[in-house]
Structures are given as structure tokens and as C-alpha cells.
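Presented below is the structure to which this report refers.
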Amino acid sequence: MARATLTIDLDAIAANWRALAAMGRAEAGAVVKADAYGLGAARVAGRLATAGARRFFVALAEEGAGLRRALGREPEIFVFSGHMDGDTGTIRDAGLIPLLNAAEQVDRHRAALPGQPFGIQLDTGMNRLGMEEAEWAALAPSLLAEGPRLLMSHLACADEPDHPMNAAQLAAFRRMTDGAGVPRSLSATGGILLGPEYHFDLTRPGIGLYGGQPFAEARPVVTLSLPVIQIRDVPPGETVGYGNSWTAARPSRIATLGAGYADGLIRAMSGRARVFAGGRPCPLVGRVSMDLMAADVTDLDHVPERLDILGPAQGVDALAEAAGTIGYEILTALGPRYARAYTGAAA
Ligand SMILES: *Cc1c(COP(=O)(O)O)cnc(C)c1O
């Protein structure tokens with residue numbers, strides 16, 4: 001088979017969720033936006049529900065509708081983009097909880113779905129989504145009387161524990177929400193690792209569930225194995241791939257692998273990333289092209305049928321570093337052409 005295989009360990013995701021949940025007394029939710037960071041929201045959320053997760057977060061109402069079909073009626077599904085124009089039917093039919101992020105959204109929600117659940121998003125300094133302090137001060141009395149399900153904000157620098165922004169945002173969040181008597185949520189993966197004072201009532205881990213930094217103790221979740229489509233002997237002086245960017249310096253064995261930038265293995269990996277035969281690294285040579293890439297396997301005694309670009313020997317963050325990006329982007333870029341295989345209890 002010429003298709004690359006992406007194997008997703010659902011038990012590892014559940015173990016990562018439990019480990020993050022055990023770091024404090026707050027309830028742990030689960031962020032499954034962008035199809036669970038590319039790994040399959042229905043499968044991932046189903047496994048996490050079995051592990052005990054009861055509150056899920058998505059970015060878009062449409063994502064929430066798909067998740068509702070997968071999870072059934074019970075779990076709460078929050079929508080980060082709030083109540084956007086055109087979302088009313090989806091929010092109502094799927095029973096979603098929009099996290100309203102501006103006065104305009106409050107008006108829309110009150111007019112379209114009066115008495116229906118909502119949460120509030122507050123800006124504590126990131127300036128991306130949420131009400132600012134003055135806007136919130138004006139709206140809080142009436143909104144709190146309507147019984148929001150959640151007050152939340154988001155940290156801009158939580159992956160840098162010593163950054164003064166963390167304490168500043170914590171103080172702003174307290175100032176805006178102390179005494180409100182409503183469940184509160186401030187922390188994603190990075191904030192959970194900052195310690196229990198950042199946890200409040202509900203946490204929102206995403207990347208840590210999927211084995212990415214800053215959760216250094218995470219169990220690895222994904223293995224991505226690329227099929228070897230051809231092996232060729234390249235004499236010294238000959239080149240490999242578009243633009244002749246690599247020239248053999250010695251008699252070389254080159255494996256052509258069946259995945260490329262259309263599969264999310266971005267062109268910036270060219271000449272910088274490695275694939276692995278078990279624990280043995282093989283450098284990528286030449287440019288990554290749309291469907292193919294090449295690796296130098298000269299030093300292997302035996303070339304296996306598949307070489308791994310993600311797995312125990314090279315996790316998402318190691319590959320991201322080679323490509324000059326972050327683990328989040330590697331995961332969410334993984335394309336639709338892979339054969340996806342799930343392992344773990346609910347697979
Ligand atoms: C994406 C996101 C999260 C999850 O963040 P991770 O860093 O992946 O844990 C939590 N909250 C909000 C508002 C987000 O946008």
C-alpha cells in the first residue's frame with residue numbers, strides 16, 4: 001500500500017487527560033477544536049468521555065454540531081467563537097454553549113435564543129477575543145443575573161512560566177470575576193502547568209492531550225509511517241529532487257517516500273528533518289515535494305518497508321523544531337490522505 005499510515009493511540013490521549021486532570025482539584029475539560037488537532041474529534045472525544053471528560057470545547061459551532069452527533073446529549077460543548085451571525089440554528093439544534101465575547105454577541109444571543117445557555121469570554125490582556133474590563137463591568141450585573149455557565153479567559157504566555165504576563169492576567173481575571181459565583185476557567189495546557197492557582201473550576205487542555213509541548217511528560221500519541229516506494233542507487237555527483245538542492249557526496253542509497261507537503265509534511269522540512277528506521281535516523285535529502293520526499297538510507301543494513309517521521313524516536317515537537325514551527329502546527333496540518341488507524345480501548 002502506497003498510503004502513509006497515521007496511528008493514533010487513544011489510550012495515550014486518555015492517560016494524558018488524566019495526568020493533566022490530576023495536577024489540581026479543578027475539573028478537566030477537553031479541547032477538541034480543529035478535529036481534535038487533526039487527530040479525529042469524534043474518536044478522541046468519545047475516548048475522553050469514556051475516561052470521564054464531561055465538558056468539551058470547539059472553535060466553531062459547526063464543529064460542535066459534529067461533536068454532538070458523536071457524543072450524544074449528555075456532555076456540555078462550549079464554542080470559543082461564541083454566537084456568530086448565522087450560528088443560531090446550529091447552536092439551538094446541537095445544544096451548544098456559546099462563549100459570548102462581545103456586547104454585540106450578547107445582544108444576538110438574547111434576541112435569538114433567550115433563556116438558552118451561554119458563557120462569557122473575558123479579555124485579560126491577550127487582545128484576541130473577549131470583553132474588556134470596562135465593557136464587562138457595564139454588562140456584568142445583567143449577565144450574571146441570567147446565570148452564565150462559565151466565565152473564561154485565555155493566557156497569552158503560559159508556555160513561558162516566568163513571563164510576567166501570567167501573573168498580570170491572573171490578577172486581571174480575579175479582579176473581573178471574584179465573587180461572581182459562576183464557574184471559572186483560565187487555563188489551557190500551559191496554564192495547568194503553572195500550578196493550581198491558575199486552575200479555577202474548569203481547565204481546558206488541548207495540545208497536552210495530544211502529546212505536545214509544553215506538557216513535557218505527555219505520553220506520545222501519534223506515529224506516522226511513510227511507505228518506501230522506491231530505493232535507488234545514486235552515484236556521487238548526481239542530484240535528488242526539484243531544484244537539484246542535494247548532491248550525493250558518496251555512493252548513496254536513496255529511498256523515495258510516499259508523502260509530501262500536501263500531507264502536511266511542509267516544504268520547510270526539506271534537508272532539515274529526519275525519518276527513522278526504528279531508532280536509526282535517516283536524513284531527508286532534496287526538497288519535499290507535493291506527494292513525495294527522499295531520505296538517505298545509505299547507512300542502513302536493511303531498508304524497511306516504512307520509515308517513521310513521527311513516533312517514539314521523533315515526536316511532534318522535535319519534527320516541528322526541524323521545520324521551524326510548533327507541534328500544534330505539525331498536528332493540525334496533517335492531511336486527509338493518510339490511512340488513519342486508532343489503537344486503544346475505544347478503538
Ligand atoms: C486552543 C485553546 C485552548 C487549548 O490550548 P492548548 O494550548 O492546546 O492546551 C484553550 N483555550 C482556548 C481559548 C483556546 O483557543
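For the reader, a short list of remarks on this structure follows.
- Restricted to segment 16-34, and to residues there that are part of a helix (DSSP H, G or I) and buried (at least 20 other Cβ atoms within 10 Å of the Cβ), the residue that is nearest to the chain's Cα centre (by Cα) is K33.
- Considering the conditions (1) on the phi > 0 side of the Ramachandran plot; (2) touching a Lys or Arg at 6+ places or on another chain (Cβ under 9 Å), G286 is excluded by exactly one of them, (2).
- For segment 301-313, a residue qualifies if it is surrounded by fewer than 20 Cβ atoms within 10 Å (Cβ to Cβ) and either closer than 20 Å to A216 by Cβ or without any contact (Cβ under 8 Å) to a residue 40 or more places away in the chain (or both), and the qualifying residues are D301, H302, G311, P312, A313.
- Selected residue (criterion: farthest from the ligand (Cβ to nearest atom)) from residues of segment 195-219 that are open to solvent by 10 Å² or more (accessible area, probe 1.4 Å) and small (G, A, S): G195
- Selection of first residues in segment 112-131 that are within 21 Å of G86 (Cβ to Cβ) and of second residues that are open to solvent by 20 Å² or more (accessible area, probe 1.4 Å) and among the aliphatic types (A, V, I, L, M), restricted to Cβ pairs under 7 Å at least 6 apart or on distinct chains, gives the following pairs, ordered by first then second residue: Q121/L129.
- Of all residues in segment 301-339, those that are within 14 Å of D263 (Cα to Cα) and of a type in the set (K, R) total 1.
The values are calculated or read from the model by the stated rules, or taken from the named source; none is laboratory data. Remember, predicted model here, so these are calculated numbers, not experimental data. Ideal geometry is used to build each Cβ from the backbone, glycine not excepted, and the neighbour counts take in all protein chains shown. In case anyone asks, the SASA skips ligands and DNA or RNA and just uses the protein heavy atoms, side chains included. Shrake-Rupley method; radii C 1.70, N 1.55, O 1.52, S 1.80 Å.
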